[in-house]
Amino acid sequence: MSIVRHAATILVIIALFCPGIMAGGYENSGIGTQARGMGGAFRAVVDDWTAAYYNPAGYAFIYDNQLGANSAFLHLRNELIPSYRLDGIYETGVFNDQVNVNKHEIYSNPAGGFLVRLPIYGETVMGLSAFQPFDYNIAWKLYDLPLAYNDSLTLPEDQFVNNFDVVAFQLTLARELVEDKVSFGLGIQVLRADLIFNSVAFRDNPWEDDSPLNVRPFDLITEWNTNDGNGWGFGLKGGLLFNLNEKLNLGVTANLPFDITLSGSSRLEYYMPKITSLLVPGSESGEEILPGTTEYLFAAGGKIVDTADFECDLKLPFSVGAGLAYQVNDKLTVAFDAEYTFWSKYEGLDFVFTNHRGLTGAADTSDIAKEFFIAELPFGDTVLSHHAYPVEWQDAGKVMMGIRYKFNDRLTLLGGGAVDQSPAREATEITPQFVDTGTKYSINGGVLFHHGQWDFGLAGSYTDYPDQTVPDLVDSNEDGLFDSFAGVYSAATYETVLSFQYRF
Amino acid sequence: MRSFLKIFALALTLALSLSIGCSDRGTNSGYIQEVEEGGMLVSPHIYFDELFLQIRNPFQVLGTKGYLPRVAYAPIYGGRGKPVPLLILLPPQGYDEHFYFDHGLMELADELIAKGEIQPMAILTISNDLVFGGYFYAGCSPGGDSSYTYFPNLPDTMTIAGTLHNPGSGDYDLLLGYSLPDYIRRALTFVIDDPSKWGIGGLGMGAYGAFRTVMLHPGVFTSVSAVDSPLDFDGADGNAGFETLFDDVIAEQALGGDLSAFDSSSALPLTQLFIGGSLAFSPHDTMVTLLAQRYMDRPATINSMTRYVITDSTTLVEDVIKADENNFDFHLPFDVSGNAYAPIWEDLWLPNNLENILPNSTLDGVDIWIATSAEAHFGYHEQTTSFISTLTGAGYAVNTLEYSGYDGSPATFDRYVYDLMREMLIFHSESFGE
């Protein structure tokens, strides 16, 4: 019993006093009804197929074969009151000072797998599963072109989008290292990453400051870009499970995804100023601005489209975790977990464009226009055709607590909670595409219905985020584009998980 | 079994709660959908007396352009025929009635009305003079008067006669303080005929004109807005303001000690500023005999004139306006060395300085808004801040805005007109009241 007290004490201390190690970011909140109902505290419990995700070593102590699947339904209910003004004063067309909500979408996050015990080297438990270790999906409409800028064009509604998925196809192998005491599990993953990333950017007008083509509100040219790509990679997941005594288990895990290079296609749409006064035939300033000229591109109010291929390196983080599970009696199990994710490795997204196509006429032949439309921007000591969304995230921790109560042979009740740190410690790291505003608190609950060899589960969770104010527009990499999005952010996440499992 | 049902009910409640948490909150919208687009009025108007002999304006035309909100349209045109307040905006040096519209005035007004940030209002702009960039919207008597008889070939009963101030630059005091308001009252019936619903403003030289008009014609306008302007000719200490620019003009001209080489090129805006000012405040009008072709090719001769002529020729610039055109000469307020020349500067220019007009006028009951930037050209920031001090010292409440450009985009002259107009419109709208 003293071991339990010591271990629990250590975990609580870790949780309360060490914010530096208290997983946020793009990490999936979890899979499985049982685990989610327990707040994610499942590393030392791991008695169903979802052990492939939480701790592969758990497979070694599962003595029946299993087939299961679940789907989590998530809804990010975020709000943003922007204050996106240049120098805090000058309007851009962003919906400032009003409550904006992210696009209504309840997205599903399916997972499934099976495990079988095979007579290999004694007995080895093998499983195949598919799940999403990283997932994020959000979309916003936050902007209209100012009427004085261009009263003829409108942008698509999916202006700020981050639809990021990494799916792991995992082969899991687990064995008992010490009979009934210690097991080891290894997951070998093939990772598939998919990304749709949209953004609205305000690009410096390339004309001279004293040009009538470059006065407010034509000084910043609205660009909407969408990048859709994917890539493949590998990952490893390992775990140990210690049955410390009849009541207490300790689970230790590590997850190592390798970097993935995403490739795909980009579409850059430039919504050009409509400066009617410069186009009036015979007007003093309009004499030279005729169709076909470079100046005309920047005054006629058209939409210029450039398409390109892109590549983007995705640096996924290493993470470690540990958990304790204590079986208080035949009915009640209590579990504590902690996880630490090295998000500092993640550097954001940098879309490097090649193979530009689609530009015609002066947009393609004029140096000033072409450089502008292919998004040539300063990058270090060079100029690169790219779009960068850099971040300086920090490592983040998460602690979880859960209980499981076997009400009777047909029903199991679940409850739990979690404290989850955001890797974005600086307010300026918060953007519409990533609304992880700070340390967040989750409350979880669920039920499992048992019917013969079948288990059916329902779990739900609510996650509350702190409000976060991003005070300034910041160009952190000095490429001329703002990397932050000023405003007041608030967020909440609702999750419902449905599952089934068949034991055979 | 009853316990099982309780648990099941609990789970169902949980599921329903989560479903409610996933309700659709709609799509964000800005303002585009609700905009009722206003219309544009382009209506050049002839001001015969006021612009009778204005240089290179033989038809006495004043360019005029206006914005009319949709609500003021007659019902048959999709409006509600509702009278609206009026704002007159005077363009800066060298710009015409299109200036504010070129910077998005109409679209901005549509947007702000749609968003409820301003009340619907009519906005009228006029042209500044484009020959020398402008005459400070002045019309002062020290510049000279002339009387005339027009159409002498008509029967005596139809003789048209009048008296002019400053014929070369035009009489904007009369135009802005009386004739234009009178025309608006008579012709623009969608404008509320109430001084509390009338405002005037401007940038640069336009702001000087706005304040000058409000001060010389109390009771016509009850709100005035100004942005970086020659509001205090001699600055805070009496030796700054324009006086710091005299050397710059001499340097810009490269005269070599000879004022007769003075060049009026439009590429020299600082020079043009002082030419326009000199034609307004210190003209050296000479007798003009004008032969005009008018109605039905009947010649009209101006047969009687009395002109104010400054006999001191120290700073006289001749032949900028050629004799075969009009022969209007002018006296600069500084000599060929760039030193202020007291008989012109102190006796003719400074009486037109607003701080010298103020004691004989009043701004009581007038809402005042002034914006200024340290990056303004021609030292206008210093002049503007000095005038703000003068006003506050005289007990007037002044709404001020100190603005600067954002990083990488300095607040030079007209780069921020769009944003300043937003602030001006909001100020005037609030001043108009309900």
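The values are calculated or read from the model by the stated rules, or taken from the named source; none is laboratory data. Keep in mind the model is a prediction, meaning the values are calculated, not measured. Heads up, the Cβs are rebuilt from the backbone with ideal geometry, glycines too, and the neighbour counts pull from every protein chain shown.
When the residues of segment A:207-226 are narrowed to those that are of a type in the set (S, T, N, Q) and within 28 Å of the chain's Cα centre (by Cα), which ends up surrounded by the fewest Cβ atoms within 10 Å (Cβ to Cβ)?
A:Thr226
Residue under question is B:Ser229, and the condition is that it be modelled with pLDDT under 90 and assigned to a loop (DSSP other than H, G, I, E, B); does it hold?
no
Yes or no: segment A:378-399 includes at least one residue that is modelled with pLDDT under 90, farther than 23 Å from A:Asn230 by Cα and among the hydrophobic types (A, V, I, L, M, F, W, C).
yes
Sort out which residues of segment A:356-395 are closer than 22 Å to A:Leu297 by Cα, hydrophobic (A, V, I, L, M, F, W, C) and crowded, with 17+ Cβ neighbours inside 10 Å, and write them in order of number.
A:Leu359, A:Ala362, A:Ala363, A:Ala369, A:Phe372, A:Phe373, A:Ile374, A:Ala375, A:Leu377
Kindly indicate whether B:Ser389 is surrounded by fewer than 15 Cβ atoms within 10 Å (Cβ to Cβ) and either out of contact with any Asp or Glu (no Cβ under 9 Å at 6 or more places or on another chain) or closer than 29 Å to B:Ile275 by Cα (or both). Quick ask: steps written out before the conclusion?
Details: surrounded by fewer than 15 Cβ atoms within 10 Å (Cβ to Cβ): yes; either out of contact with any Asp or Glu (no Cβ under 9 Å at 6 or more places or on another chain) or closer than 29 Å to B:Ile275 by Cα (or both): yes.
In short, yes.
Going by what's in this entry, would A:Ala111 be described as buried (at least 22 other Cβ atoms within 10 Å of the Cβ) and small (Gly, Ala, Ser)?
For A:Ala111, the condition - buried (at least 22 other Cβ atoms within 10 Å of the Cβ) and small (Gly, Ala, Ser) - is met.
Of the residues that sit in segment B:401-434 and are away from every other protein chain (no Cβ under 14 Å) and surrounded by fewer than 20 Cβ atoms within 10 Å (Cβ to Cβ), which one is nearest to the chain's Cα centre (by Cα)?
Of everything passing the filter in segment B:401-434, B:Glu430 is nearest to the chain's Cα centre (by Cα).
For segment B:27-74, how many residues meet the condition of being within 12 Å of chain A (Cβ to nearest Cβ) and farther than 30 Å from A:Leu145 by Cβ?
0
Filter segment A:174-206 for residues that are within 14 Å of chain B (Cβ to nearest Cβ) and surrounded by fewer than 22 Cβ atoms within 10 Å (Cβ to Cβ); which is nearest to A:Phe61 (Cα to Cα)?
Among those residues, the one meeting the criterion is A:Phe202.
The rows are residues; the columns are (1) crowded, with 22+ Cβ neighbours inside 10 Å; (2) polar (S, T, N, Q); (3) modelled with pLDDT of 95 or more; (4) part of a loop (DSSP other than H, G, I, E, B).
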{"residue": "A:Ser129", "(1), (2), (3), (4)": "yes, yes, yes, no"}
{"residue": "A:Asn137", "(1), (2), (3), (4)": "no, yes, no, no"}
{"residue": "A:Ala148", "(1), (2), (3), (4)": "yes, no, no, yes"}
{"residue": "A:Asp165", "(1), (2), (3), (4)": "no, no, no, no"}
{"residue": "A:Ala168", "(1), (2), (3), (4)": "yes, no, yes, no"}
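Go through segment B:170-194 and give me each residue that's surrounded by fewer than 16 Cβ atoms within 10 Å (Cβ to Cβ) and under 15 Å from B:Leu41 (Cα atoms).
B:Ala187, B:Thr189 - these are the residues of segment B:170-194 that are surrounded by fewer than 16 Cβ atoms within 10 Å (Cβ to Cβ) and under 15 Å from B:Leu41 (Cα atoms).
So A:Glu157 clears everything in (1) in contact with an Asp or Glu (Cβ under 9 Å, 6 or more places away or on another chain); (2) at the interface with chain B (Cβ under 10 Å from one of its Cβ atoms); (3) among the acidic types (Asp, Glu) except one condition, right? Which one?
Checking A:Glu157 against (1) in contact with an Asp or Glu (Cβ under 9 Å, 6 or more places away or on another chain); (2) at the interface with chain B (Cβ under 10 Å from one of its Cβ atoms); (3) among the acidic types (Asp, Glu), the one that fails is (1).
Which one of these does A:Pro432 not meet: (1) away from chain B (no Cβ under 14 Å); (2) within 17 Å of the chain's Cα centre (by Cα)?
Against the list (1) away from chain B (no Cβ under 14 Å); (2) within 17 Å of the chain's Cα centre (by Cα), A:Pro432 comes up short only on (1).
So A:Asn100 fits all but one of (1) at pLDDT below 95; (2) facing chain B (nearest Cβ under 9 Å); what number is the exception?
Looking at each condition in turn, A:Asn100 falls short on (1).
Identify all residues within segment B:92-113 that are within 18 Å of A:Ala299 (Cα to Cα) and either under 18 Å from the mean Cα position of the chain (by Cα) or part of a loop (DSSP other than H, G, I, E, B) (or both); write none if there are none.
B:His98, B:Phe99, B:Tyr100, B:Phe101, B:Asp102, B:His103, B:Gly104, B:Leu105, B:Met106
Which condition number in (1) touching a helix residue (DSSP H, G or I) at 6+ places or on another chain (Cβ under 7 Å); (2) more than 14 Å from chain A (Cβ to nearest Cβ); (3) at pLDDT below 90 is the one that B:Tyr77 fails?
(1)
Does A:Thr341 satisfy the criteria of being buried (at least 18 other Cβ atoms within 10 Å of the Cβ), touching a Pro at 6+ places or on another chain (Cβ under 7 Å) and at pLDDT 95 or above?
Against the criterion (buried (at least 18 other Cβ atoms within 10 Å of the Cβ), touching a Pro at 6+ places or on another chain (Cβ under 7 Å) and at pLDDT 95 or above), A:Thr341 qualifies.
Identify the residue in segment A:474-504 that is within 10 Å of chain B (Cβ to nearest Cβ) and acidic (Asp, Glu) and, among all such residues, is nearest to A:His104 (Cα to Cα).
Out of the qualifying residues, it is A:Glu495.
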